[in-house]
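Right, one structure below, let's go through it.
The values are calculated or read from the model by the stated rules, or taken from the named source; none is laboratory data. Values in this document were obtained by computation on a predicted structure and should not be read as measured data. Positions of Cβ are generated from backbone atoms using ideal geometry, with glycine treated the same way; all protein chains shown enter the neighbour counts.
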Amino acid sequence: MAQVAKAETEKMRPIMRLYQSEEDYWRIREFLRSVMLSNDRRELSWHVARWDYWVWFANPDIEKIAPPENVFIWETAAGQIAAVLNPEQRGHAFPQIHPDFRTPELDEEMIAVAEERLITADKDGHQKLCFWIDSKDKSYQGFLTRRGFHKVDLPESQEYQHRLSLNEPLPEPPLVAGTLRSLGGGLELLERCYASGLGFHNDDIHVARDNRDHSNWYHHIQSAPLYRRDLDIVALASDGSIASFCTIWFDDVTRTAYIEPVATVPAHRKKGLGKAVIMEGLQRLKGMGCKMAFVGGYSEAANALYFSTMGSAYDVSESWEKYY
């Protein structure tokens, strides 16, 4: 009997393979949706929109990591995806695990694969790996500690994953100077690229101009399956320039939404525009039947904004680091 039970266990144990083709991209999307629903719409794995954002924009335009060599899939004998291990930037590993298949053996195997395949050199030439886990996951914390990892206590190594249930009435959006509406096309799309450079690079006009002059990166974002122009929201200043913006990704399968990115041009900060564009987006989501919205923050300023718009519910994803 013991041998039969062992054989059945081995038969059910997921087997790792490499990412192979575009079909795997679509299958991982469905897997992440299943995990989201199984976790009661908690961001204990990547939202499907974060995967889309990485595949369609962040990776081809910034990271340039080859998925067939850096994304790993664990499948059951029946071909069902049980877990995925993927980077976001080089040297950073994110485990996505369906709760129905999670075991200590699978946890340890995913860490081992990350150590073998996803290590990178830092700016000083030292080999390192950052492994991201939920801050309340004691099991993973134990495995990582025993393998020589330590938690990184830096603001940028903790992502506050804010969430807001849209089942209850939302407060009225703040009154602000300017116009809130969906992003237009043509020259306004170029203006949106310019505002992104100013907003994310502290008024660096050289980055802003490069963003505008080479706008293919934004067309890549707009090509992602979940992109909707009506959820690409901008706040216009009195001169017609884009002062603040947020892009929202609504997944109608899980009825959840992911807000990324959000920024305000430095000259227009402290005017409530960041809160206004998010609140406008939340109102639109509620009208679409969305049940839960998420946004991630790494800095004190970003988290202050998100607490003011999303309320007090959040999870924390933390980075554990090891040098070799």
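Descriptive notes on the structure:
- Subset of segment 40-81 [among the aliphatic types (A, V, I, L, M) and not in a helix (DSSP H, G or I)]: 44, 65, 66, 71, 73, 77, 78, 81
- Tabulated pairs, segment 298-324, first at negative phi, second at pLDDT below 95 and among the acidic types (Asp, Glu), C-beta under 7 angstrom, 6+ apart or interchain: 298/156
- Of all residues in segment 231-280, those satisfying the criterion of being over 27 Å from residue 29 (Cα atoms) and among the basic types (Lys, Arg) are 269, 270, 271, 275.
- The single residue among 215, 308, 312, 238 that is at pLDDT below 95, surrounded by fewer than 22 Cβ atoms within 10 Å (Cβ to Cβ) and among the hydroxyl-bearing types (Ser, Thr, Tyr) turns out to be 238.
- Contacts under 8 angstrom Cβ, first residue in segment 260-274 being assigned to a helix (DSSP H, G or I), partner of a type in the set (S, T, N, Q), 6 or more apart: 266/202; 268/244; 273/244; 273/264; 274/244; 274/264
- Each residue in segment 239-259 was checked for being among the aliphatic types (A, V, I, L, M) and without any contact (Cβ under 8 Å) to a residue 24 or more places away in the chain, and 0 of them qualify.
- Condition met for residue 129 (surrounded by fewer than 17 Cβ atoms within 10 Å (Cβ to Cβ) and on the phi < 0 side of the Ramachandran plot): no
- The residues of segment 109-139 that are more than 17 Å from residue 44 (Cβ to Cβ), part of a strand (DSSP E or B) and touching a residue at least 40 places away in the same chain (Cβ under 8 Å), listed by number, are 127, 128, 129, 130.
- Test result for residue 185, over 29 Å from residue 313 (Cα atoms) and over 24 Å from the mean Cα position of the chain (by Cα): yes
- Set 210, 203: member being part of a loop (DSSP other than H, G, I, E, B) and over 21 Å from residue 51 (Cβ atoms): 203
- All told, residue 27 falls short of being charged (D, E, K, R), out of contact with any Cys (no Cβ under 6 Å at 6 or more places or on another chain) and assigned to a loop (DSSP other than H, G, I, E, B).
- Test result for residue 106, within 16 Å of residue 16 (Cα to Cα) and either touching a residue at least 12 places away in the same chain (Cβ under 8 Å) or in a helix (DSSP H, G or I) (or both): yes
- Evaluation of residue 106 against (1) over 27 Å from residue 215 (Cα atoms); (2) under 19 Å from the mean Cα position of the chain (by Cα); (3) surrounded by fewer than 20 Cβ atoms within 10 Å (Cβ to Cβ) (one fails), failing number: (2)
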